[in-house]
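Okay, structure first, notes after.
The values are calculated or read from the model by the stated rules, or taken from the named source; none is laboratory data. Here the structure is a predicted model, which means the values were calculated and not measured. Note that we place each Cβ from the backbone using ideal geometry, even for glycine, and neighbour counts take in every protein chain shown. Note: accessible area is taken over every heavy atom of the protein model, side chains too, but ligands, DNA and RNA are not part of it. Shrake-Rupley method; radii C 1.70, N 1.55, O 1.52, S 1.80 Å.
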Amino acid sequence: MQKTSTDNTNVATAREATIAKYIKSSVQVLKDNSLVQNNMDIFLKLMRYEDEVRDGYIDVSCTDMKIDIAMVYHLTEEFIVKIDSSGALLNEYIRQRTKFDFDGTINTAHNLIYEFMRRWVSVQAKGASKYGEYTLLKEFLPVYYSNAFIYYMKEKNVFNMSPEVIVAHAVKKNHFKDPNKCATMFLTIWSKATTGEIGHKEISAGLAEIYNVSEDNEILLEAGTKKLINYIDNTIYTGELSTAFANKFAVALSQCTSYGEDMQTKLFKLARHIKDGKGDWAFMQEYLNVSEKTVAEFLEELDAVMQAEAEETYAARKGVYQKEEIVSVEPGVKYLIDVEEQTNWAKFLTGIKRLFWKAKNKNKRAQ
């Protein structure tokens with residue numbers, strides 16, 4: 001019995017060491033990022049908000065509505081002129097028009113403006129050798145304007161469905177890349193490492209915060225570290241999460257930014273700040289100036305939006321559990337169960353029965 005206990009401790013220690021090593025490698029791109037260093041609250045809350053956004057979109061059905069490529073080109077040029085009436089942006093678009101993924105449906109009709117804005121932001125960052133490595137903002141303007149273009153197509157009566165159906169097509173991709181929201185877990189654990197070291201204490205504190213558990217729960221630690229290790233073993237971003245961070249940041253900031261015409265005409269001018277991670281805080285300050293908000297007001301509004309998003313998602317799924325739950329099985333024992341794929345109460349109850357069976361057999365083995 002003693003040997004089993006020792007073996008389990010060694011396994012947990014090995015997991016924590018792997019997680020610590022992965023986090024240190026992955027967040028290397030954030031250590032010099034001015035936005036993260038100046039306001040960790042904004043960064044972490046946007047990362048968590050992206051998780052809420054994905055939860056809200058995961059059940060939204062997509063569409064395979066057909067659209068002619070000639071119409072897409074025409075509408076894209078109209079949209080760009082609307083953003084910048086000077087014609088400078090349009091001239092850049094005409095000069096740099098590139099190929100883009102188009103499957104003949106409206107789901108990819110916004111890809112052209114996405115690819116153009118991505119190229120244009122890169123041009124603005126010319127001379128910044130580390131632009132592509134660690135700025136959180138390389139995806140923001142492309143995502144923002146591709147979403148704005150969807151609403152523009154709606155205004156032009158190109159389709160009669162909700163724009164959310166098309167936005168969901170792109171947002172849901174991030175869900176399947178990281179369904180257990182491990183990227184946010186890594187960042188939360190990292191935020192606990194005030195001394196720069198990541199060990200049992202920081203990992204436990206991070207997981208406890210995420211799952212809202214105050215006591216140091218070894219079963220919670222077991223389940224949480226298992227998820228993180230599984231992500232590390234399967235992610236394409238092994239040792240490098242900068243792309244995942246940038247995608248999450250872009251989706252979140254876009255979702256809480258106004259798509260009004262005034263905002264659209266102001267934001268693209270801020271691309272001059274996207275040189276590299278050292279300029280990200282300058283961009284955020286300009287963004288707040290354009291939005292006419294202080295940092296405190298932005299965070300307050302973000303909290304309100306997150307709460308509303310969570311409540312709306314829950315209301316839309318009565319009887320459907322999509323999030324992780326801590327389920328009490330017997331006094332002093334808790335199990336973390338993943339019901340992300342559950343679709344009804346029957347499956348949820350089946351999961352609870354399975355937990356009781358595990359707990360019962362665990363007691364037998366202990367005896």
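Figures for the structure shown
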read-out: Residue in the range 82-91 that is in contact with a Leu (Cβ under 9 Å, 6 or more places away or on another chain) and either small (Gly, Ala, Ser) or farther than 18 Å from residue 254 by Cβ (or both) present; value: yes
read-out: Matching residues in the range 253-287 - criterion: being open to solvent by 60 Å² or more (accessible area, probe 1.4 Å), under 21 Å from the mean Cα position of the chain (by Cα) and under 17 Å from residue 139 (Cβ atoms); value: none
read-out: Residue match in the range 178-199 (condition: of a type in the set (Phe, Trp, Tyr) and surrounded by fewer than 17 Cβ atoms within 10 Å (Cβ to Cβ)); value: no
read-out: Positions within the range 174-224 being hydroxyl-bearing (Ser, Thr, Tyr) and more than 19 Å from residue 244 (Cβ to Cβ), in sequence order; value: 194, 195, 204, 211, 214
read-out: Filter result for residue 121 (under 30 Å from residue 88 (Cβ atoms) and open to solvent by 20 Å² or more (accessible area, probe 1.4 Å)); value: no
read-out: Selection count where residues are at pLDDT below 90, farther than 13 Å from residue 255 by Cα and open to solvent by 30 Å² or more (accessible area, probe 1.4 Å), scope the range 22-57; value: 5
read-out: Scope the range 139-188; condition farther than 25 Å from residue 45 by Cβ, of a type in the set (Ser, Thr, Tyr) and free of Cβ contacts under 8 Å to residues at least 60 places away in the same chain; matching residues; value: 162
read-out: Total residues in the range 140-184, condition of a type in the set (A, V, I, L, M), at pLDDT below 90 and over 30 Å from residue 227 (Cβ atoms); value: 3
read-out: Any hit, the range 58-66, residues being at pLDDT 85 or above, closer than 16 Å to residue 189 by Cα, open to solvent by 20 Å² or more (accessible area, probe 1.4 Å) and of a type outside the set (Phe, Trp, Tyr); value: no
read-out: Matching residues in the range 67-113 - criterion: being under 15 Å from residue 268 (Cα atoms) and open to solvent by less than 30 Å² (accessible area, probe 1.4 Å); value: 79, 80, 83, 84, 87, 89, 93, 113
read-out: Any hit, the range 257-267, residues being small (Gly, Ala, Ser) and assigned to a helix (DSSP H, G or I); value: no
read-out: Residue list for the range 291-309, filter: part of a helix (DSSP H, G or I) and open to solvent by 30 Å² or more (accessible area, probe 1.4 Å); value: 295, 296, 297, 300, 301, 303, 304, 305, 306, 307, 308, 309
read-out: Residue 176 being more than 23 Å from residue 257 (Cβ to Cβ) and assigned to a loop (DSSP other than H, G, I, E, B); value: no
read-out: Residue pairs meeting the criteria (Cβ under 8 Å; at least 6 apart or on separate chains; first of a type in the set (Phe, Trp, Tyr), in the range 55-71; second crowded, with 17+ Cβ neighbours inside 10 Å); value: 57/167; 57/168; 57/171; 57/175
read-out: Checklist (1) open to solvent by less than 30 Å² (accessible area, probe 1.4 Å); (2) farther than 27 Å from residue 279 by Cβ; (3) over 16 Å from the mean Cα position of the chain (by Cα) applied to residue 167, failing item; value: (3)
read-out: Residue ID - surrounded by the fewest Cβ atoms within 10 Å (Cβ to Cβ), chosen from residues in the range 138-161 that are under 21 Å from residue 69 (Cα atoms) and of a type in the set (Ser, Thr, Tyr); value: 151
read-out: Complete set of residues in the range 185-237 that are within 16 Å of residue 13 (Cα to Cα) and outside any helix (DSSP H, G or I); value: 197, 198, 199, 216, 217
